[in-house]
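The values are calculated or read from the model by the stated rules, or taken from the named source; none is laboratory data. In this text, all values refer to a predicted model and were calculated from it rather than measured experimentally. Cβ sites come from the backbone with ideal geometry, for glycine too, and all protein chains shown count toward neighbours.
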Amino acid sequence: MSDLNFNGIATPHLLEATNLHKSFKTSSQVINVLSGANLKLKAGEMLGIIGASGVGKSTLLHVLGGLDRPETGQILFKGEDICSKEDIYLEKFRNQRVGFVFQFFNLLSDFTALENTMFPALIARVEKKEARRTAEELLVQMGLKDRLNHKPSELSGGESQRVALARGFINKPDLILADEPTGNLDQKASDSLIELIKSLNDKLQQTVVIVTHSQRIASKMNRVVELVNGVVIPVEKSAFI
């Protein structure tokens with residue numbers, strides 16, 4: 001499947017990350033997290049990223065989404081190298097092109113489910129009435145029709161994660177990056193959330209990347225890779241059976 005970059009040129013992938021390096025310094029050593037990682041994402045696919053705890057899966061996700069910069073390497077998004085762009089470009093890129101879903105929800109405690117969902121649209125300067133309409137539609141799809149005006153403290157873990165998911169989807173981004181979205185949920189809530197993400201993926205054809213420690217969750221993706229020693233390697237889903 002090909003896509004168009006910002007200049008209207010056909011490209012075979014939504015995202016192509018090449019030779020990514022990223023390290024962190026401690027008081028006594030330098031820790032190499034990404035050591036030449038390569039990854040290609042096709043438009044509309046669902047990718048699972050697995051790996052041992054602390055191996056750098058979240059770092060990889062942050063770099064792919066423009067939350068952090070690699071020390072070296074290139075990330076082409078629809079053919080455009082986002083690593084060469086200034087911070088103001090990346091801010092717009094993150095808001096309009098990428099939707100983030102985190103393990104700990106990151107909902108604002110003083111605001112309702114509806115208000116939390118609306119925020120990315122308001123930041124993107126969507127008219128408030130339209131932002132509210134879209135947020136309501138998404139939350140209803142999430143099964144939260146009766147929770148629109150509830151604050152995070154009044155929601156279950158599964159409900160809070162659905163609000164976070166709706167927030168990630170509201171600007172209709174090309175790419176959804178989910179970091180352990182089921183990590184704080186029981187198996188029933190986890191399965192329900194993944195089925196919801198798959199349903200939205202089928203309907204909207206947005207590319208979804210899910211970092212997970214669960215092989216069961218990863219097996220539900222179209223494709224699975226593993227981060228090992230700072231590089232990305234393909235994994236056969238049959239290995240999980």
Report task. Considering every residue within the range 31-52, establish whether at least one is exposed (fewer than 15 other Cβ atoms within 10 Å of the Cβ) and more than 27 Å from E236 (Cβ to Cβ). Result -> yes
Report task. Tally the residues that are farther than 23 Å from N171 by Cα, without any contact (Cβ under 8 Å) to a residue 60 or more places away in the chain and of a type in the set (D, E, K, R), restricting the search to the range 181-221. Result -> 4
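Would you be able to say whether some residue in the range 74-84 is touching an Asp or Glu at 6+ places or on another chain (Cβ under 9 Å), β-branched (V, I, T) and outside any strand (DSSP E or B)?
Going through the range 74-84, the residues touching an Asp or Glu at 6+ places or on another chain (Cβ under 9 Å) turn out to be 74-79.
This time we only want the ones that are β-branched (V, I, T), so: 75.
The next check asks that each one be outside any strand (DSSP E or B); those that pass are none.
No, there is no match, as no residue in the range 74-84 is touching an Asp or Glu at 6+ places or on another chain (Cβ under 9 Å), β-branched (V, I, T) and outside any strand (DSSP E or B).
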Report task. Would you mention how many residues in the range 78-101 are in contact with a Gly (Cβ under 9 Å, 6 or more places away or on another chain) and either of a type in the set (S, T, N, Q) or within 27 Å of V163 (Cβ to Cβ) (or both)? Result -> 9
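Looking at G158, G183, can you tell me which residue is touching a His at 6+ places or on another chain (Cβ under 9 Å) and over 21 Å from E45 (Cα atoms)?
Among G158, G183, only G183 is touching a His at 6+ places or on another chain (Cβ under 9 Å) and over 21 Å from E45 (Cα atoms).
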Report task. Return the only residue of V224, V228 being surrounded by fewer than 17 Cβ atoms within 10 Å (Cβ to Cβ) and farther than 23 Å from R97 by Cβ. Result -> V228
Query raised in the report: Taking strands (runs of 3 or more DSSP E) that do not extend beyond the range 14-64, which have at least 2 residues that are within 15 Å of V231 (Cα to Cα) and over 14 Å from the mean Cα position of the chain (by Cα)?
Result: 15-25, 30-41
Query - Any chance V208 is under 20 Å from S35 (Cβ atoms) and of a type outside the set (S, T, N, Q) - result: no
Query raised in the report: Within the group L200, L177, which residue is touching a Phe, Trp or Tyr at 6+ places or on another chain (Cβ under 9 Å), closer than 30 Å to G79 by Cα, assigned to a strand (DSSP E or B) and not β-branched (V, I, T)?
Result: L177
Report summary line: Taking the range 108-134 and keeping only residues that are in contact with a Lys or Arg (Cβ under 8 Å, 6 or more places away or on another chain) and crowded, with 18+ Cβ neighbours inside 10 Å, one is left with T112, A113, L114, N116, T117, M118, P120
Query raised in the report: Within the range 157-164, is even one residue touching a strand residue (DSSP E or B) at 6+ places or on another chain (Cβ under 9 Å) and hydrophobic (A, V, I, L, M, F, W, C)?
Result: yes
Query raised in the report: How many residues, within the range 182-197, are touching a helix residue (DSSP H, G or I) at 6+ places or on another chain (Cβ under 6 Å) and outside any helix (DSSP H, G or I)?
Result: 3
Query raised in the report: Can you find a residue in the range 135-155 that is assigned to a loop (DSSP other than H, G, I, E, B), hydrophobic (A, V, I, L, M, F, W, C) and under 18 Å from the mean Cα position of the chain (by Cα)?
Result: yes
Query raised in the report: Could you say whether any residue in the range 221-229 is over 30 Å from T72 (Cβ atoms) and out of contact with any Asp or Glu (no Cβ under 8 Å at 6 or more places or on another chain)?
Result: no
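Condition first: assigned to a loop (DSSP other than H, G, I, E, B) and modelled with pLDDT of 90 or more. Now tell me which residues in the range 85-103 satisfy that.
K85, E86 - these are the residues of the range 85-103 that are assigned to a loop (DSSP other than H, G, I, E, B) and modelled with pLDDT of 90 or more.
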Query - Selection count, the range 65-75, where residues are over 16 Å from V209 (Cα atoms) and within 18 Å of the chain's Cα centre (by Cα) - result: 3
